[in-house]
Amino acid sequence: MKCLSRGKRILAGMASRVAGRLWPAPRYEPLFMTLETVYLARAYYVVAELGISDLLRDGPRTCRELAAATGCHERMLFRILRTLAGFGVFIDDGQGRFSLSPRAWPLLDDAPGGERYWTKLVGSDVFWQSTGRALDMVKTGKAGIDLAFGKSFYELCLDRPELQETFRKGMSGWTAWQCREVVRCGDFSRFSKVVDVGGGSGSLIMEILRHHPQARGVLYDQTATVERARPLFAKEGLSARCEAVGGSFLESVPAGADAYVLKHVLRDWRDADAVKILRNCHAAMPPHAELLVIDAVLDPGNGKDRLVKLLDVEQMFVTGGGMRTLGEFERLFAESGFCHKGTCRTKVIDAAILQATKA
């Protein structure tokens, strides 16, 4: 019996050595680097909230100076800055002083694109408590934010002025640079009147009117939102050519224009509400008018559109909506009485222009 047991142990050892050659030890680093980037995102959030890039605008400063200026624990702040320096965001001179690298410039308060404010938004408790409900979200089909707070993101913005202001600044900065590319690629010269449905602070409609002096525009969004746009129209000398109209696109849309634009609107809504918005546009449009949906067109292929797919998951958490494939857009169009006529790609990864007319 002892010989038999010894023989089994020898065979088991041989099998283990063979298996080791056939199945090499797992490589943990790729998985763990992915998982640990959650802390990289948190580090970005901390320095965005504290305004560290702006404090370094005029040159290097010691961590002690930065901690004093921001009311932070020096050693904790140092470890955050050291980690970000390891990823090339800041420059650590090894003597306790930090300075800006090009990767930190987007976090400056006045940097184009509003990236500091997007970083603050994504790092806010609203986003993080929402993502904490990931498993419940997948099981119930409800948005993470609804599970965490019992309210939609836009309802929370009404309750929290600071959240709304961060969102507004991030959206305005992000939209402004995109609009130039959209207007460059899209042919708006054939329209005499354009309605920007859900157009926020008016970045897109103002860019259209700047480049096409023959056109008139209507900015349509919530009343409080469009009221903030009126001074911007006046500053740009566009008050006589652009009307600001308050209302809800879930109920109706201003009638009688040549073009109806929905930029980054449908992604915020589930299919049923997206169809409702599209049908309201359909009801307002004359027979000759065009619908222009500006949004990401997600490529479902493996290894493609990775950023857009991550943005799609973000939408699941925050709004319950999401990014759509071309086929999914076409189904929405058909259900709403539209016919898809073509798609114009731009250099902006999530701003293709889908053209549709009444079916």
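General observations
- Charge-dipole axis of the chain as Lys and Arg at +1 and Asp and Glu at -1 on Cβ define it, positive-most pick from SER248, ALA284, ALA176: ALA176
- Under Karplus coefficients 6.51, -1.76 and 1.60, residue-wise ³J(HN,Hα) of the stretch 175-182 in Hz, glycine/proline x: 6, 4, 6, 5, 4, 4, 5, 4
- Electrostatic dipole magnitude of the stretch 177-358 [Cβ: Lys, Arg +1; Asp, Glu -1; Cα centre; debye, to 20]: 420
- Alpha-carbon centroids, the stretch 293-314 and the stretch 58-116: separation in whole Å: 32
- Taking a point 7 Å from the Cα of GLU335 along the Cα-to-Cβ direction, the residues of the stretch 236-252 with backbone N closer than 19 Å to it are 249-252.
- Computed from label points 7 Å out along Cα-Cβ, the spacing between ALA283 and THR343 is 2.9 nm.
- Where a label projected 7 Å from the Cα of ASP187 along Cα→Cβ would reach, residues of the stretch 223-266 with amide N under 17 Å: 258-260
- Summary of packing: across the peptides 31-40, 261-270, 162-171, 71-80, the per-residue average of other C-beta atoms within 10 Å ranks them, highest first, as 261-270, 162-171, 71-80, 31-40.
- Net charge contributed by nearby residues that have their C-beta within less than 12 Å of GLU236 (K/R +1, D/E -1): +3
- For the stretch 193-229 versus the stretch 247-279, the gap between their alpha-carbon centres in whole angstrom: 14
- Ellipticity estimate at 222 nm from DSSP helix runs (n ≥ 4, -39,500 (n - 2.57)) divided over the chain, nearest 500: -16500 deg cm²/dmol
- Placing a pseudo-label 7 Å from each Cα along the Cα-to-Cβ vector at LYS276 and SER101 gives an inter-label distance of 4.8 nm.
Computed from the coordinates by the stated procedures, all read-outs in this text should not be read as laboratory data. Source: prediction; values computed, not measured. We place every Cβ from the backbone using ideal geometry, glycine too, and count neighbours over all the protein chains shown.
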